[in-house]
1. So for segment 19-27 (the condition being crowded, with 22+ Cβ neighbours inside 10 Å, among the small types (G, A, S), under 28 Å from P171 (Cα atoms) and touching a helix residue (DSSP H, G or I) at 6+ places or on another chain (Cβ under 8 Å)), does at least one residue qualify?
2. Restricting to segment 57-80, what's the tally of residues that are touching a Phe, Trp or Tyr at 6+ places or on another chain (Cβ under 9 Å) and either buried (at least 22 other Cβ atoms within 10 Å of the Cβ) or assigned to a loop (DSSP other than H, G, I, E, B) (or both)?
3. Consider only pairs whose beta carbons are under 7 Å apart and that are at least six residues apart or on different chains; among these, list those whose first residue lies in segment 43-68 and is in the same structural domain as Q86 (by TED's automatic domain parsing) and without any contact (Cβ under 8 Å) to a residue 60 or more places away in the chain and whose second residue is part of a loop (DSSP other than H, G, I, E, B) and of a type in the set (F, W, Y).
4. Conditions first: (1) surrounded by 13 or more Cβ atoms within 10 Å (Cβ to Cβ); (2) over 26 Å from C81 (Cα atoms). G263 passes all but one, so which condition is the exception?
5. Residues to consider are G259, G263; find the one that is without any contact (Cβ under 8 Å) to a residue 40 or more places away in the chain and closer than 27 Å to A188 by Cβ.
6. Give the residue, chosen from V252, V280, that is exposed (fewer than 15 other Cβ atoms within 10 Å of the Cβ), in a helix (DSSP H, G or I) and modelled with pLDDT of 90 or more.
7. Do you know which of the residues in segment 107-141 that are in contact with a His (Cβ under 9 Å, 6 or more places away or on another chain) and within 25 Å of A248 (Cβ to Cβ) is surrounded by the most Cβ atoms within 10 Å (Cβ to Cβ)?
8. If I ask for residues that are over 18 Å from D205 (Cβ atoms) and either outside the structural domain of K132 (by TED's automatic domain parsing) or touching a helix residue (DSSP H, G or I) at 6+ places or on another chain (Cβ under 9 Å) (or both), which ones from segment 89-112 would you list?
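The values are calculated or read from the model by the stated rules, or taken from the named source; none is laboratory data. Just so we're clear, the structure is a prediction, and the values are computed from it rather than from any experiment. Note that we place each Cβ from the backbone using ideal geometry, even for glycine, and neighbour counts take in every protein chain shown.
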Amino acid sequence: MGEMADVSDGDGRAFRVLAIVLNYDSGDAVMACLDSLKAQTHPALDILLIDNASTDGSRERAEEHHPDVEVVRNEKNLGFCEANNQGLQRVLDGGYAAGFLLNDDVVLEPDCCARLAAVLGTDGSVGVAGPKVLFDPERDFIWCAGGVLDFRQNLNRLRGHWQRDEGFNDPENVDYIPGCALLVRREALEGAGLLEAGYFAYLEDVEFCYRIRKAGFSVRYVADARVYHQVSRATGGRYSGVRKYLNARNSVHFLRRHGTVRGWLGFLLFDVAMLPAALVWQSLHGRGGAVLAKARGIWRGFRGETGPPR
């Protein structure tokens, strides 16, 4: 990896970035995230910790060990979207060049922010930049290398998911960057707006990047920027009922606003029509309840439900 020059915004000022860390009962994970942010080489990086009414003491530990980090204390769990919008509004109000959305369980390599900021700082057409996301340093497997909106199962898929870290080594435009580590330019925020709060969590990053691309910006995967991610901890794991419910409900929500004939046909074929087979298969593995939660999510999506899961 080559050396990088410091980047600036269009007016010659330092490319100021606000890192927005969303914490919800993260245990010690948020400490590792903040430690990795403090070690970033990007010279103009501020940190904002948004706590969604944690009850496990993680906020208090973060405040004790990082007293210089500003903390927003929400009195209830606002979800991913509304809470992160508090930080993105700070980006707009505070004159930052970009906002860096980060989950509390993400750890960044020291040059990650600098490499992402260099892309935004040197190419004004890029609205969002995101890193290669790996499961952890020991396992050497990719969680994602950006994402694709393909209107099949769950509407979208992660590129490189569970593949060894041997490919996806070139920067390229993608459909979306997952919200666990997403750097967004302020002009893209001004053109496309904030996260849609009704999603609460899941698919909000897909919809966000979709609007940013519609506003005329590209979404760029940056291969030499790297983070490590503990996946789906806040909603109970990869195949939890809450996760399947929100993904299904928000898929319908996305299609109601942005859907095409192809998109609706793909969803009805790969998600709705496959529910009976999925119920049988997942019940054999003790996960039938998650499939039923997905069915409820689809139904409530068609009824127009948004916000926190019931």
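1. For segment 19-27, residues crowded, with 22+ Cβ neighbours inside 10 Å, among the small types (G, A, S), under 28 Å from P171 (Cα atoms) and touching a helix residue (DSSP H, G or I) at 6+ places or on another chain (Cβ under 8 Å): present.
2. Within segment 57-80, residues that are touching a Phe, Trp or Tyr at 6+ places or on another chain (Cβ under 9 Å) and either buried (at least 22 other Cβ atoms within 10 Å of the Cβ) or assigned to a loop (DSSP other than H, G, I, E, B) (or both) number 4.
3. That search, which allows pairs on different chains as well, returns A44/F15; N52/Y24; S54/Y24.
4. If we test G263 against (1) surrounded by 13 or more Cβ atoms within 10 Å (Cβ to Cβ); (2) over 26 Å from C81 (Cα atoms), just (2) comes out false.
5. Checking each option against the conditions leaves just G259.
6. Just a single option satisfies the conditions, and that option is V280.
7. Of everything passing the filter in segment 107-141, V133 is surrounded by the most Cβ atoms within 10 Å (Cβ to Cβ).
8. L92, G95, Y96, A97, V107, E109, P110
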